[in-house]
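The values are calculated or read from the model by the stated rules, or taken from the named source; none is laboratory data. Model, not experiment: these values are computed from the prediction. So basically every Cβ, Gly included, is an ideal-geometry build from the backbone, and we count neighbours across all protein chains shown. Surface areas here come from the heavy atoms of the whole protein model, side chains and all, with no ligands, DNA or RNA. Shrake-Rupley method; radii C 1.70, N 1.55, O 1.52, S 1.80 Å.
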Amino acid sequence: VLERRRDDGQRLRRPRRGLAEAFSDSPWSHRDRLETLRFLGLARMNRYVYSPKDDDWRRDYSEQDLNRFKQLLRAAEENFVRFVYAVRPGISISYSSDEDAAALIRKLETMAALGARCFAIRFDDAPANLQNGEDRARFKTLASAQAHLINLVYERLKQSGADFELYVAPAVTASAQVVADYLKDLGAAIPQDVLFFHLTAAPGGQAGAWGA
């Protein structure tokens with residue numbers, strides 16, 4: 001579990017535990033998700049991360065999609081579970097693109113309008129380095145590029161006046177030292193109340209245990 005720390009070195013002791021939907025094969029059905037939320041409530045878990053790999057962060061939702069999200073949000077509330085809506089920019093994001101940032105923020109605002117108050121940006125399945133020339137020209141490091149996007153999202157959510165939570169799943173790299181430097185730089189460049197989280201893969205790759 002990755003934990004943000006306050007300036008005084010004290011850990012933020014707000015236990016968050018739950019399950020993340022992160023399938024790589026057949027998507028869960030709407031019924032599966034509703035049953036999962038009920039199970040999490042019975043198991044005294046408090047977070048469900050909606051993060052399917054086939055949900056294109058640039059695609060607008062249909063009316064049917066929005067109605068299903070309303071049902072999921074209501075089921076989460078009834079079972080004392082926070083519904084965390086995650087976006088996965090993946091390889092397609094350009095951190096220097098205002099259009100990409102606007103598309104990502106618009107997706108989050110759509111969910112906020114339905115009543116969602118917990119959001120996540122997942123970089124753990126994205127490339128561990130900057131991919132295009134525009135990004136490399138504008139940002140010195142991957143951490144600074146991602147911090148730019150995180151801060152844009154954070155400020156927009158803050159402007160909405162809502163009481164929200166924002167999580168980040170950091171990028172994964174091979175070198176321990178690179179990871180340490182990356183996390184240090186990223187943590188220093190984003191607000192203190194943005195939390196890191198990680199997923200522990202479950203058998204079959206359909207879901208994972210989640211902690212922050």
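If you scan segment 174-194, which residues turn out to be part of a loop (DSSP other than H, G, I, E, B) and either in contact with a Gly (Cβ under 6 Å, 6 or more places away or on another chain) or crowded, with 17+ Cβ neighbours inside 10 Å (or both)? Spell out the reasoning first.
From segment 174-194, those part of a loop (DSSP other than H, G, I, E, B) are 174-175, 190-194; that's our starting set.
Within segment 174-194, 190, 194 qualify.
Quick one: residue 122 ticks every box in (1) at pLDDT below 90; (2) of a type outside the set (Ser, Thr, Tyr); (3) in contact with a Lys or Arg (Cβ under 7 Å, 6 or more places away or on another chain) except a single one, so which number is it?
If we test residue 122 against (1) at pLDDT below 90; (2) of a type outside the set (Ser, Thr, Tyr); (3) in contact with a Lys or Arg (Cβ under 7 Å, 6 or more places away or on another chain), just (1) comes out false.
Okay, residues lined up against (1) in contact (Cβ under 8 Å) with a residue 60 or more places away in the chain; (2) more than 27 Å from residue 131 (Cα to Cα); (3) under 15 Å from the mean Cα position of the chain (by Cα):
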{"position": "15", "(1), (2), (3)": "no, yes, no"}
{"position": "28", "(1), (2), (3)": "yes, yes, no"}
{"position": "38", "(1), (2), (3)": "no, yes, no"}
{"position": "52", "(1), (2), (3)": "no, no, yes"}
{"position": "62", "(1), (2), (3)": "no, yes, no"}
{"position": "70", "(1), (2), (3)": "no, yes, no"}
{"position": "75", "(1), (2), (3)": "no, yes, no"}
{"position": "83", "(1), (2), (3)": "no, yes, yes"}
{"position": "89", "(1), (2), (3)": "yes, no, yes"}
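So that you can scan it fast, the table gives a plain yes or no per residue for (1) aromatic (Phe, Trp, Tyr); (2) part of a helix (DSSP H, G or I); (3) under 28 Å from residue 83 (Cβ atoms):
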{"site": "96", "(1), (2), (3)": "no, no, no"}
{"site": "99", "(1), (2), (3)": "no, yes, yes"}
{"site": "106", "(1), (2), (3)": "no, yes, yes"}
{"site": "109", "(1), (2), (3)": "no, yes, yes"}
{"site": "121", "(1), (2), (3)": "no, no, yes"}
{"site": "135", "(1), (2), (3)": "no, yes, no"}
{"site": "140", "(1), (2), (3)": "no, no, no"}
{"site": "147", "(1), (2), (3)": "no, yes, yes"}
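Of the numbered conditions (1) open to solvent by 50 Å² or more (accessible area, probe 1.4 Å); (2) within 22 Å of residue 53 (Cα to Cα), residue 141 satisfies every one except a single condition; which is it?
Every listed condition holds for residue 141 apart from (2).
Look through segment 149-169, keep the residues that are part of a loop (DSSP other than H, G, I, E, B) and in contact with a Lys or Arg (Cβ under 9 Å, 6 or more places away or on another chain), and return whichever of them is farthest from residue 181 (Cα to Cα).
Just the residues of segment 149-169 that are part of a loop (DSSP other than H, G, I, E, B), to begin with: 160-164.
Keeping just the survivors that are in contact with a Lys or Arg (Cβ under 9 Å, 6 or more places away or on another chain) gives 162-164.
Details: 162: 32, 163: 31, 164: 28 Å.
Here the residue is 162.
Tell me, please, whether a residue that is of a type in the set (Gly, Ala, Ser) and over 18 Å from the mean Cα position of the chain (by Cα) can be found in segment 124-140. Explain how you work it out, then say what you get.
Step one: of segment 124-140, the residues of a type in the set (Gly, Ala, Ser) are 126, 128, 133, 137.
Remaining after also requiring over 18 Å from the mean Cα position of the chain (by Cα): 133, 137.
Yes, the conditions are met somewhere in segment 124-140.
Any chance you could count how many residues in segment 56-81 are outside any loop (DSSP other than H, G, I, E, B) and buried (at least 18 other Cβ atoms within 10 Å of the Cβ)? Please lay out each step first, then the result.
Let us first name the residues in segment 56-81 that are outside any loop (DSSP other than H, G, I, E, B), namely 63-78.
Within this subset, residues satisfying the condition of being buried (at least 18 other Cβ atoms within 10 Å of the Cβ) are 69, 72-73, 75-76.
Here the count works out to 5.
Would you check which residues across segment 30-55 are modelled with pLDDT of 90 or more and either surrounded by fewer than 16 Cβ atoms within 10 Å (Cβ to Cβ) or β-branched (Val, Ile, Thr) (or both) and list them?
30, 31, 32, 35, 36, 38, 39, 42, 43, 44, 49
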